[in-house]
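Colleague: Take a look at the following structure, please.
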Amino acid sequence: MSLRIVLGAGPVGTATALLLADRGEQIRLITRRGGGPEHPHIERVAADASDSTALTAHSTGATVI
């Protein structure tokens, strides 16, 4: 199973993360505060997407961002 990265938990990010998670994809949802929907296939991470070092570290192993 491949890891997918979704940035932000606004309406689009939340809908995208849930759609992919419901399909069985492993999702890492990156938001400034680590929020977002709870789902067994969603890992919520607190990080600022404008911080390239943090984003690179949290995206390791992902096939899609």
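The values are calculated or read from the model by the stated rules, or taken from the named source; none is laboratory data. Because the structure is predicted, anything quoted here is derived from the model rather than measured. As a convention, Cβ positions derive from the backbone with ideal geometry for all residues, glycine included, and neighbour counts pool all protein chains shown. Ligands, DNA and RNA are excluded from the accessible area calculation, which covers all protein heavy atoms including side chains. Shrake-Rupley method; radii C 1.70, N 1.55, O 1.52, S 1.80 Å.
Colleague: Return the pairs, sorted by first residue and then second, in which the second residue is not in a loop (DSSP other than H, G, I, E, B), the first residue lies in the stretch 21-49 and is among the polar types (S, T, N, Q), the beta carbons are less than 8 Å apart, and the residues are 6+ apart or on different chains.
Modeller: From residues that are among the polar types (S, T, N, Q), the pairs are Q26/L3; Q26/R4; Q26/E43; T31/L7; T31/G13; T31/R44; T31/V45; T31/A46.
Colleague: Next question. Examine the stretch 1-13 for a residue that is modelled with pLDDT under 95, more than 10 Å from the chain's Cα centre (by Cα) and open to solvent by 70 Å² or more (accessible area, probe 1.4 Å), and state whether such a residue exists.
Modeller: Applying the first criterion (modelled with pLDDT under 95) to the stretch 1-13 yields 1-2.
Now drop any that are not more than 10 Å from the chain's Cα centre (by Cα), which leaves 1-2.
Applying the additional criterion that residues be open to solvent by 70 Å² or more (accessible area, probe 1.4 Å) yields 1.
Yes - at least one qualifying residue is present in the stretch 1-13.
Colleague: Mind checking which pairs have a first residue in the stretch 54-65 that is within 11 Å of R28 (Cβ to Cβ) and a second that is of a type in the set (S, T, Y) and open to solvent by less than 60 Å² (accessible area, probe 1.4 Å), Cβ under 8 Å, 6 or more apart or different chains?
Modeller: So the pair list comes out as A62/S2; V64/S2; I65/S59.
Colleague: Also, quick follow-up: Checking the structure you have, find out if any residue of the stretch 19-32 is part of a loop (DSSP other than H, G, I, E, B), surrounded by 11 or more Cβ atoms within 10 Å (Cβ to Cβ) and basic (K, R).
Modeller: Looking through the stretch 19-32, at least one residue is part of a loop (DSSP other than H, G, I, E, B), surrounded by 11 or more Cβ atoms within 10 Å (Cβ to Cβ) and basic (K, R).
Colleague: Turning to a different aspect of this structure: Is it fair to say A9 is assigned to a loop (DSSP other than H, G, I, E, B) and among the aliphatic types (A, V, I, L, M)?
Modeller: On the way: assigned to a loop (DSSP other than H, G, I, E, B): yes; among the aliphatic types (A, V, I, L, M): yes.
Judged against the criteria, A9 is a match.
Colleague: When residues of the stretch 37-65 are filtered for being closer than 17 Å to G13 by Cβ, in contact with a Lys or Arg (Cβ under 9 Å, 6 or more places away or on another chain), not charged (D, E, K, R) and not in a loop (DSSP other than H, G, I, E, B), how many remain?
Modeller: 7
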